[in-house]
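Before we start, here is the structure in question, set down as structure tokens.
The values are calculated or read from the model by the stated rules, or taken from the named source; none is laboratory data. Bear in mind the structure is a predicted one, so any value in this text is a computation, not a measurement. Because the Cβ atoms are built from the backbone with ideal geometry, glycine has one as well, and the counts that use them run over all protein chains shown. Please note that ligands, DNA and RNA were not included when accessible areas were found on the heavy atoms of the full protein model with its side chains. Shrake-Rupley method; radii C 1.70, N 1.55, O 1.52, S 1.80 Å.
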Amino acid sequence: MILDKIPELDGCTTSVSAPEGLSTIRRPACGATVWQRDPLPHFQRWIDTLPPEHLPKARMILRPEAVCDALINIVRQCGTPDCSERNLLIEDASALASIFANIMDSAYLRLRFDVINTNACRKFHVDAVTARLVCTYRGTGTQYGISENGDDPERIVTVPTGSPIILRGTRWPETPLSGLLHRSPPIAGTGETRLLLVLDPIEDPELEAETAYIH
């Protein structure tokens, strides 16, 4: 399946076709960049039909090079079936952690695997971070749009499942902010279960020690 190209909004978002392109988040006035990639059918069928209780769940702070080993332990603890698709998930999340850490020049990352079946973060907002990478491996992707005068966006773009997006947060040094807001799609009552990888750069891991394990 070949995806339609994601529209770019008023010059403040970019859509790229290779991981190297994610560095465009550093361009002036770029509020978000999406690496649009085609899903692997066999992987997607596997992750979409996996019982929610066996999806990986985690929250930790670690060096990028420690992500792979940490995820191996996490999927074992969560009962995620041992198969080639599980290995693909670990390898992809580890690669995204390395890419994002390089872009942000960050020695530590906060990593979360979230399993969501409610309207979590359904209001449009900007995260209180420098930048955040989100990749929805299962379910509807992150939604974003341009806000006029603080109102919800009129035009909403949904990130394709499996495509990573990097979003600037309120701590990004460039001002003024682009006006780009995002949210989790409202899914309450639909029976949908989403699996998200979320990565944040961490400057001082000791200050975050109470909120996550440090590896």
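Residue 98 to residue 175: FRET efficiency via 1/(1 + (r/R0)^6), r the Cβ-Cβ distance, R0 30 Å, to the nearest 0.05? Before the final figure, lay out each step's value.
Working: r = 29 Å, r/R0 = 0.98.
For residue 98 and residue 175, the calculated efficiency is 0.55.
Given only helices, namely DSSP H runs of n ≥ 4 each adding -39500 (n - 2.57), what is the per-residue ellipticity at 222 nm of the chain, to the nearest 500 deg cm²/dmol? List each step's numbers first, then the result.
Values: 3 runs with 42 residues, N = 215.
Taken over the chain, the calculation gives -6500 deg cm²/dmol.
Okay, next question. As an exercise, use a Förster radius of 35 Å and the Cβ-Cβ distance of residue 57 and residue 158 to find the FRET efficiency, rounded to the nearest 0.05. Write down the numbers at each step before the final one.
Values: r = 24 Å, r/R0 = 0.68.
For residue 57 and residue 158, the calculated efficiency is 0.90.
In addition: Just how large is the dipole of the chain about the Cα centre, in debye to the nearest 20, putting +1 at every Lys and Arg Cβ and -1 at every Asp and Glu Cβ?
The dipole of the chain has a size of about 280 debye.
Hey, any idea what % of segment 1-135's accessible area is carbon plus sulfur with a 1.4 Å probe? Write down the numbers at each step before the final one.
Numbers: 3420 of 6590 Å².
C and S fraction of accessible area: 52 percent.
According to the square roots a ≥ b ≥ c of the eigenvalues of the Cα gyration tensor, what is the shape class of segment 123-215, taking rounded for a/c under 1.5, prolate for a/b larger than b/c otherwise, and oblate for the remainder?
Details: a/c = 2.13, a/b = 1.15, b/c = 1.85.
Note, shape of segment 123-215 comes out oblate.
Is the C-alpha gyration tensor of segment 140-194 telling us rounded, prolate or oblate? Criteria: a/c under 1.5 is rounded; beyond that, a/b larger than b/c is prolate, otherwise oblate. Let's see the in-between values first.
Numbers: a/c = 2.57, a/b = 1.67, b/c = 1.55.
Here segment 140-194 falls in the prolate category.
Let me know the shape class of segment 1-109, please: from the alpha-carbon gyration tensor, a ≥ b ≥ c as square roots of the eigenvalues, rounded when a/c is under 1.5, otherwise prolate if a/b is greater than b/c, or oblate.
Values: a/c = 2.62, a/b = 1.40, b/c = 1.87.
In terms of gyration-tensor shape, oblate.
Take each uninterrupted DSSP H stretch in the chain, measure its Cα extent along the helix axis, and return the ones at 18 Å or beyond whose mean Kyte-Doolittle hydropathy is at least -1.0. All intermediate terms of the calculation are to be shown ahead of the outcome.
Values: long enough: 84-104 (30 Å, 0.59).
Helix filter hits for the chain: 84-104.
Want the number for residue 48 to residue 26: 0.36 nm per residue separation, take away the alpha-carbon distance, what's left?
Numbers: separation 22, 0.36 × 22 = 7.92 nm, distance 3.32 nm.
Here the segment from residue 48 to residue 26 would lengthen by 4.6 nm.
Something else now. Using the heavy atoms of the protein chains and a 1.4 angstrom probe, tell me the accessible area per residue for the chain in square angstrom.
Value for the chain: 49 Å² per residue.
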